1. Can you name the residue in region 112-140 that is part of a helix (DSSP H, G or I) and of a type in the set (S, T, N, Q) and, of all such residues, is modelled with the highest pLDDT?
2. Looking at region 147-169, I want the residues that are part of a helix (DSSP H, G or I) and have a partner that is of a type in the set (Ser, Thr, Tyr) and surrounded by fewer than 20 Cβ atoms within 10 Å (Cβ to Cβ) with Cβ atoms under 9 Å, at least 6 apart or on another chain. Which pairs are those?
3. Out of curiosity, is MET144 in a helix (DSSP H, G or I), modelled with pLDDT of 85 or more and surrounded by 13 or more Cβ atoms within 10 Å (Cβ to Cβ)?
Amino acid sequence: MAARSEEGRRADELAAQAAGGCSASFESLVALVGPRLLRFLVRRIGDAHAAEDALQETLLRAYRGLGGYDPSRSVTAWLFAIATRQVVQHWRSRRPVVPLEAVDPPADATAGALDGLVNAEHRQGVWRAAAAELNDEQYAALWMRYAEGLAVRDIADSLGKTAGSVKVMLHRACRKLMQCGSPAIEPAAQTQEVQP
């Protein structure tokens with residue numbers, strides 16, 4: 001099993017405390033994970049206001065669902081799963097007004113895990129190509145892995161898939177991006193994770 005980051009362990013602790021009725025812990029959890037969720041939602045929805053609405057709905061659903069949260073799993077992956085469902089709900093309920101390619105992400109949206117994998121001058125193009133070429137599930141998996149640095153197991157939990165199917169999905173997504181002229185993400189990058 002891949003070791004969770006210090007932030008991931010802290011988020012899990014806060015979720016367990018919040019599930020026990022501590023509202024201050026839920027507020028701390030939101031402060032810790034909320035910005036990452038918002039970046040993800042802005043990238044997937046393409047409109048900051050709609051993304052903020054989706055974030056609020058994500059957090060409301062998470063708060064209401066704390067009783068059903070399984071503390072043996074990553075709360076971050078659980079929250080991203082809820083956020084991913086909100087993205088699907090958003091696009092099902094309305095037609096896109098502004099294409100995702102026209103929206104510039106926050107300056108730090110791809111910082112962190114992506115730094116070693118993607119050349120800085122190509123980040124924007126990579127995510128635009130990913131939005132144009134990949135389906136929602138592939139994009140979400142790619143984002144969670146390379147932009148958020150989530151472990152494959154956590155992505156699998158979030159998407160309701162096996163770790164093996166997520167690895168295949170990431171490989172195929174990277175290969176598809178390279179085939180359409182975006183060689184910035186190398187397929188071998190997803191094998192850097194510690195295996196169980």
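The values are calculated or read from the model by the stated rules, or taken from the named source; none is laboratory data. Here the structure is a predicted model, which is why all the values come from computation and not from measurement. Positions of Cβ are backbone-derived with ideal geometry, glycine not excepted, and every protein chain shown enters the neighbour counts.
1. Step one: filter region 112-140 for residues part of a helix (DSSP H, G or I), giving 120-133, 136-140.
Next cut, of a type in the set (S, T, N, Q) only: 124, 138.
Details: GLN124: 66, GLN138: 88.
Here the answer is GLN138.
2. Once the first residue is part of a helix (DSSP H, G or I) and sits in region 147-169, its partners that are of a type in the set (Ser, Thr, Tyr) and surrounded by fewer than 20 Cβ atoms within 10 Å (Cβ to Cβ) give ALA156/THR162; ALA156/SER165; LEU159/SER165; LYS167/THR191.
3. Numbers: in a helix (DSSP H, G or I): yes; modelled with pLDDT of 85 or more: yes; surrounded by 13 or more Cβ atoms within 10 Å (Cβ to Cβ): yes.
Answer is yes for this residue.
Yes or no, residue by residue, for (1) touching a residue at least 60 places away in the same chain (Cβ under 8 Å); (2) closer than 22 Å to LEU159 by Cβ; (3) crowded, with 18+ Cβ neighbours inside 10 Å:
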{"site": "SER5", "(1), (2), (3)": "yes, yes, no"}
{"site": "CYS22", "(1), (2), (3)": "no, no, no"}
{"site": "VAL33", "(1), (2), (3)": "no, yes, yes"}
{"site": "LEU38", "(1), (2), (3)": "no, yes, yes"}
{"site": "ALA48", "(1), (2), (3)": "no, no, no"}
{"site": "GLY65", "(1), (2), (3)": "no, yes, no"}
{"site": "GLY68", "(1), (2), (3)": "no, yes, no"}
{"site": "PHE80", "(1), (2), (3)": "yes, yes, yes"}
{"site": "VAL87", "(1), (2), (3)": "no, yes, yes"}
